[in-house]
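Each remark here refers to the structure printed beneath this line.
Nothing in this text is a laboratory measurement; each read-out follows from the coordinates by a stated rule. Computed from a predicted structure; not experimentally measured. Virtual Cβ from ideal backbone geometry, glycine too; neighbours counted across all protein chains shown.
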Amino acid sequence: MQGPRIFYSPDYYADIGEGHVFPIKKFELARDILIAEGTVDPSMVIAPSEVSVEDLQRVHTGDYIGRLQTGDLTKMEIRRLGLPWSKALVRRSFLAVSGTISAALASLHSGVGSNLAGGTHHAFPDRGEGFCVLNDVAVAVEKLREEKDLRRFLIVDLDVHQGNGTAYIFRDDPDVFTFSMHGQKNYPLYKEVSNLDIELADGTADGEYLSILAEALGRVLHHEPDLIFYLAGADPYEEDKLGRLSLTKAGLLERDRMVLEAARDAGIPVVTTMSGGYAKDIADTVDIHCNTIRAVRRVFYQTSESGESATAEAAPANSNL
């Protein structure tokens, strides 16, 4: 069965305590639903191995990685991270970074790859913040730049919170274009400077959001990237506890379609990551994340009248594999 390659591990789960605002069960729930409904074939769900420390050190400091592994983070660092330290948390963080790297490598073959985790854009080189332990997209960029014939990258960050860690990491890098479209009055209080920041007022709804995004996508694609990372946050949803925007599920699905079709039509491989989502009902967050993968299947794997898949028609012109 032809379909999207999805990277997922049961160890994306770690016990962070009942009642925590971060819905850490969403990864498993999304995997189960996508397989049960037939959007994803079980054979296309691939478990990543842990990322190497060497790869992490392309972005993160050795001191931070070492103390993260041994549990020697300070109380302030753990408070800023927002998650309780455990060996399972470290393992899930290492796996999630590898999932994004693997999805990126898969996208070079088929035009798209997806990680059922990742998008941890608040992590800085020397610390984690906002439920983000390690910056998976930044590590993937550096590894691909070093090991593949890729130079220019576009990060489309549509989580409701600004990708401050990613913006900081690539602040002086002309080959990585960071685009963040987020709530103006939302976390983080002190924002970094992306190549393009679009700040949205509380209550921004589908029509205005999608109109702004359509114009922005035309602008950012002028960067002519070799690869696009898409952070498909579920938290712009109208019922999200931390979102403050008013997008519907239909609006978010249209958002996904717009980004994916823009990448496909330009012949640029695209990687999807989940990023944030904190709906009052976890089922809504999971459904929004599943919609991203449903959109991946529809945009890249629908069957044309000739019987050929959309992927075959829109193979990335700049894939080096």
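Structural remarks
- Close amide-amide hydrogen proximity is noted between Ile46 and Ile6, Phe7, Tyr8, each under 5 Å apart and 5 or more residues distant or on a separate chain (H modeled in the peptide plane; Pro and chain starts excluded).
- Classified by the C-alpha gyration tensor, the stretch 1-99 has an oblate form. Its axis ratio a/c, with a ≥ b ≥ c, is 1.5 or above, and a/b does not exceed b/c.
- Cα centroids of the stretch 276-301 and the stretch 103-145: 18 Å apart.
- Computing FRET efficiency as 1/(1 + (r/R0)^6) for Arg58 and Gln184, where r is the C-beta to C-beta distance and R0 is 41 Å, gives about 0.80.
- Under the Karplus curve 6.51 cos²θ - 1.76 cosθ + 1.60, θ = phi - 60°, whole-Hz ³J(HN,Hα) for the stretch 166-178, x wherever Gly or Pro sits: 5, 4, 5, 4, 9, 4, 10, 10, x, 8, 10, 9, 9
- Oblate is the label for the stretch 178-302, because the ratio a/c of its alpha-carbon gyration tensor axes (a ≥ b ≥ c) is 1.5 or higher and a/b is not greater than b/c.
- Order of Asp173, Asp284, Asp72 - criterion: other Cβ atoms within 10 Å of each residue's Cβ, fewest first: Asp72, Asp173, Asp284
- Given Lys26/Lys241; Lys249/Lys280; Lys26/Lys280; Lys25/Lys241; Lys87/Lys241, the pairs whose alpha carbons are separated by over 20 Å: Lys87/Lys241
- Equivalent-ellipsoid semi-axes for the stretch 113-246 (Cα gyration tensor, √(5λ), whole Å, largest first): 23, 17, 13.
- Karplus-derived 3J(HN,Hα), 6.51/-1.76/1.60, for each residue of the stretch 98-112, Hz, glycine and proline x: 5, x, 6, 4, 5, 5, 5, 4, 5, 5, 5, 8, 10, x, 7
- Equivalent ellipsoid dimensions for the stretch 22-313 as semi-axes, Å, which come from the Cα gyration tensor, largest first: 26, 22, 20
- When each of the peptides 119-128, 261-270 is scored by the mean number of other C-beta atoms lying within 10 Å of its residues, the order from highest to lowest reads 119-128, 261-270.
- Potential extension, Ala201-Ala36 segment - 0.36 nm per residue separation minus Cα distance: 55.6 nm
- Per-residue Karplus couplings for the stretch 201-218, computed as 6.51 cos²θ - 1.76 cosθ + 1.60 with θ equal to phi - 60°, are listed in order as 6, 3, x, 3, 10, 3, x, 5, 4, 5, 5, 5, 5, 4, 5, 5, 4, x Hz, Gly and Pro entered as x.
- Checking every one of the chymotrypsin sites (Phe, Trp or Tyr not before Pro) in the stretch 174-222 against DSSP loop status and a limit of 15 other Cβ atoms within 10 Å picks out Tyr190.
- Compactness check for the stretch 120-161: Cα Rg over 2.2 N^0.38 Å is 1.27.
- Net lengthening on full extension, Ala216/Ala47 (0.36 nm per residue, minus Cα-Cα): 57.4 nm
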